[in-house]
Amino acid sequence: MRAFRRQHGPAEERRRLLAQVPLQRGVIILPSAFTLGNLFFGVFAIIAAARGEFALAAWCIVWAGILDMLDGRVARFTRTGSAFGAELDSLVDAVSFGVAPALIMYQLYFVEGAWSWTVCFVYITAVVVRLARFNVEQAGRAKSHFIGLPSPTAGMTLATYYPFSRTPFFQEHLAHLPWPQMMGLSMVFLGMLMLSHIPYPVMPRIGFRTGKGLLTTAAMAACLFAAVTAPSHFFFPVLVTYTLVGLTRSFVLGLLDRLPERDPLLDKDDKDDEDEAGAEVRALDYGDVAPSRPRRD
């Protein structure tokens, strides 16, 4: 230690020691402030739902989702991401996008049933497990897709249903549907999607240097305008569309990837010879190739 100090000086020694030990200067304030703001809106949504103010609770969860999106971007921009921030974000998301949306659904449709609350339990369990898996598999890494439906999307989908159900379009065209049963099934369905391995794209980055970047920027600007001017009509349909498009895309690509190009029971060389000779491909008689069994007298 003394030899290093004589050679490099006290300032260089201090920098070396700081590089060797973990960060001990306290919590990184800026990204954690966004995360705690997410928690504030999540808790406020729970209180509003308990008071019967479901529209206010829904918009609180939307604001929580916006802050959840920003805290990661701020951490990457300022290079202040840490394992502490990832764990804090997951704990907060369990409240804002797990407990709070489930409480809204419980107060709307499941408060009278003796065991209907178990639907909320199933949904919250899926959120917690999905967040734990995210910390293990994807937290802190650059990603182009989420593995499974993101919990903020699921939570905001459930929460923004109520404002959408108050719109004239819903009252005129959709109010006759059995929404209590549909929302109960939706909670289970969203939980399954969160635990699935279906890839869902992250929010695209805006840009002005390429045509694709300009198109993405224009689309994001249009979405922002619609979200500000008609939030009750915008959020729920868009979130449902995002959920279903990711599922449909994965299903279609899975089918295309698994369709066999030929009969797997036919030998490749035999099939090529028959096609080149123009012969008709006939069904294989398994009796000709099955091993013969000795007869018993």
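Can you find a residue in the range 13-31 that is open to solvent by less than 50 Å² (accessible area, probe 1.4 Å), touching a helix residue (DSSP H, G or I) at 6+ places or on another chain (Cβ under 6 Å) and at pLDDT 60 or above?
So far as the range 13-31 goes, yes, one or more of its residues are open to solvent by less than 50 Å² (accessible area, probe 1.4 Å), touching a helix residue (DSSP H, G or I) at 6+ places or on another chain (Cβ under 6 Å) and at pLDDT 60 or above.
From Glu87, Glu112, Glu137, grab the single residue that is within 20 Å of the chain's Cα centre (by Cα), open to solvent by 50 Å² or more (accessible area, probe 1.4 Å) and more than 28 Å from Thr241 (Cβ to Cβ).
Going through Glu87, Glu112, Glu137 in turn, just one is within 20 Å of the chain's Cα centre (by Cα), open to solvent by 50 Å² or more (accessible area, probe 1.4 Å) and more than 28 Å from Thr241 (Cβ to Cβ): Glu87.
Residue-wise test of (1) without any contact (Cβ under 8 Å) to a residue 12 or more places away in the chain; (2) closer than 24 Å to Phe34 by Cβ; (3) not small (Gly, Ala, Ser).
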position: Arg79; (1), (2), (3): yes, yes, yes
position: Ala100; (1), (2), (3): no, yes, no
position: Phe110; (1), (2), (3): no, no, yes
position: Thr160; (1), (2), (3): no, yes, yes
position: Phe170; (1), (2), (3): yes, no, yes
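Within the range 175-225, track down each residue that is among the polar types (S, T, N, Q), assigned to a helix (DSSP H, G or I) and at pLDDT below 90.
Thr216, Thr217
For the range 34-55, what are the residues that are surrounded by fewer than 19 Cβ atoms within 10 Å (Cβ to Cβ), touching a residue at least 12 places away in the same chain (Cβ under 8 Å) and farther than 17 Å from Pro152 by Cα?
Selection gives Ala50, Gly52, Ala55.
Which of the residues spanning the range 67-87 are within 19 Å of Met203 (Cβ to Cβ) and acidic (Asp, Glu)?
Within the range 67-87, Asp68, Asp71 qualify.
Just for the range 56-79: of the residues that are of a type in the set (Val, Ile, Thr) and under 20 Å from the mean Cα position of the chain (by Cα), which one is surrounded by the most Cβ atoms within 10 Å (Cβ to Cβ)?
Ile61
Can you spot a residue in the range 152-171 that is open to solvent by less than 50 Å² (accessible area, probe 1.4 Å), farther than 21 Å from Ala49 by Cβ and not hydroxyl-bearing (Ser, Thr, Tyr)?
no
Within the range 147-167, does at least one residue satisfy the condition of being assigned to a loop (DSSP other than H, G, I, E, B), more than 28 Å from His233 (Cα to Cα) and out of contact with any Asp or Glu (no Cβ under 7 Å at 6 or more places or on another chain)?
No - not one qualifying residue is present in the range 147-167.
Please identify the pairs in which a residue from the range 190-205 that is aromatic (Phe, Trp, Tyr) has its Cβ atom under 8 Å from the Cβ atom of a residue that is open to solvent by 40 Å² or more (accessible area, probe 1.4 Å), counting only partners at least 6 apart or on another chain.
Close Cβ pairs satisfying both conditions: Tyr200/His145; Tyr200/Phe146; Tyr200/Tyr242.
The values are calculated or read from the model by the stated rules, or taken from the named source; none is laboratory data. Owing to the predicted nature of the structure, the values given are computational and were not obtained by experimental measurement. Virtual Cβ from ideal backbone geometry, glycine too; neighbours counted across all protein chains shown. In case anyone asks, the SASA skips ligands and DNA or RNA and just uses the protein heavy atoms, side chains included. Shrake-Rupley method; radii C 1.70, N 1.55, O 1.52, S 1.80 Å.
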